[in-house]
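This report concerns only the one structure given below.
The values are calculated or read from the model by the stated rules, or taken from the named source; none is laboratory data. Just so we're clear, the structure is a prediction, and the values are computed from it rather than from any experiment. Note that each Cβ is placed from the backbone with ideal geometry, even for glycine, and that neighbours are counted across all protein chains shown.
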Amino acid sequence: MLELLDNEYDVIVAGAGPAGSSVARFCAEKGLKVLAVEKRQEIGSPKRCGEGLSRSAVERMGIDINKSWAIHTIKGAAAYAPNGNKVVVDFDGPEGWVVERKVFDKHLAKLATDAGAKIITKTEIADVRRDTGSVAVILKHEGDTRELKCKIVAACDGVESRTARILGLNTTIPLIDIASAVQFEMTGIDIDPERIELYFGNEIAPGGYAWIFPKGENTANIGIGVRRPLSKKLALDYLKDFIQKREGLRKGSIIEVNAGGVPVGGLMENMIEDNLIVVGDAAHQVNPIHGGGIPEAYVAGRIAADIIKKAVEKGDYSKDTLSEYNKRWWEERGKKLKKLWELRKVVEKLTDDELNWLSEYLSGDDLVKIARGSGYFKLAKLLMKKPRLVMFAKKLLF
């Protein structure tokens, strides 16, 4: 397969998930010569995702809904406090979809190839080195090795991004800002097929939450995310306990298991170096409240492509030129995500009794606004009513 590649590209993208496909697509649409390299043999598998995608996320991504991957429509949500108190959100029409990532990610990759990008799978970036203004990228595929040249490398290879580290950018994320997540796809279970369900509590999922994302009448993704040092046991054990306590889930069958780390904070002020731009989970571009990263990665990829195009036109791939990516991303998305990061730090300090108390006063609309980065004032006013929480409330207002 390596013999099918050209010797030189404008951009080589490490990873062909949503971030990598976005960079590849928008760079190719701008007339750049692009290669995306995916180490896995199948794009979209394995997944580290609940597979939920909101209507607002789809709109921000600028893609059309396709029933091949948007397999189930969601019309509402329910959030459960530790005592079981339920806050319900209902919408007039479809508010989102549960997608099939194995199909969805391939769809995003096809959008990139339709634009003119080249993608190769089951191929590893073994090494990267700067070479008098350009970059030498050494690829490995089933024992074969080949060196290619490019002007800019886009590191879209996930939270463990090796490519960024090789080129001198430390993307290490603090332990407190990464969630350990485990998910079962289950069938033969009793669920509300039109509503996602979220469960909060320090006994249920310390530092995170449990979720039920329907994929049909009796099939759903059942998952949990927790964070150290708040959690006292493995995420898998929390998930087993969650299912065991619910007869409607306990009776079901597990047809797929997924696990992995999800960044929920640790936003990076700097995401570039000479000849390098970092996008998606590799840059910790994830909503710190719910851990959703697909739309963030796709939007960041579009921004990155704009900056890459300018750099190629100037013939200048230095950190100074690429630094516009930092400025634009922080202005368009970073400031809002940082506020959500601060909110997450507040919520994780609340006791179960305090979470139960809040559930009596917050409506479904309030929760939606908060998750999208607004609606802090009402939450802060509530927190102000309890002396212990006053200092937390102030963090939301300033």
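Check every one of the strands (runs of 3 or more DSSP E) wholly within the stretch 73-172 and list those with 3 or more residues that are in contact with a Cys (Cβ under 8 Å, 6 or more places away or on another chain) and in contact (Cβ under 8 Å) with a residue 40 or more places away in the chain.
134-141
Given the structure, is VAL159 farther than 30 Å from ASP90 by Cα, of a type in the set (A, V, I, L, M), touching a helix residue (DSSP H, G or I) at 6+ places or on another chain (Cβ under 8 Å) and at pLDDT below 90?
Against the criterion (farther than 30 Å from ASP90 by Cα, of a type in the set (A, V, I, L, M), touching a helix residue (DSSP H, G or I) at 6+ places or on another chain (Cβ under 8 Å) and at pLDDT below 90), VAL159 qualifies.
Does the stretch 165-172 include one or more residues that are surrounded by fewer than 19 Cβ atoms within 10 Å (Cβ to Cβ) and closer than 30 Å to TYR238 by Cα?
So far as the stretch 165-172 goes, yes, one or more of its residues are surrounded by fewer than 19 Cβ atoms within 10 Å (Cβ to Cβ) and closer than 30 Å to TYR238 by Cα.
With the condition kept exactly as written, say whether any residue in the stretch 294-314 is β-branched (Val, Ile, Thr), in contact with a helix residue (DSSP H, G or I) (Cβ under 8 Å, 6 or more places away or on another chain) and more than 25 Å from GLU59 (Cβ to Cβ).
no
If HIS107 satisfies every condition in (1) under 21 Å from GLU29 (Cα atoms); (2) in contact with a Phe, Trp or Tyr (Cβ under 7 Å, 6 or more places away or on another chain); (3) surrounded by fewer than 16 Cβ atoms within 10 Å (Cβ to Cβ) but one, which is the exception?
(3) is the only condition that HIS107 fails.
Please state which of the following conditions SER56 fails to meet, knowing it meets all the rest: (1) over 26 Å from MET271 (Cα atoms); (2) surrounded by fewer than 20 Cβ atoms within 10 Å (Cβ to Cβ); (3) not charged (D, E, K, R).
(1)
Could you check GLU95 against (1) of a type outside the set (Val, Ile, Thr); (2) farther than 20 Å from ASP281 by Cα; (3) in contact with a helix residue (DSSP H, G or I) (Cβ under 7 Å, 6 or more places away or on another chain); (4) crowded, with 21+ Cβ neighbours inside 10 Å and say which number it fails?
Failed condition: (4).
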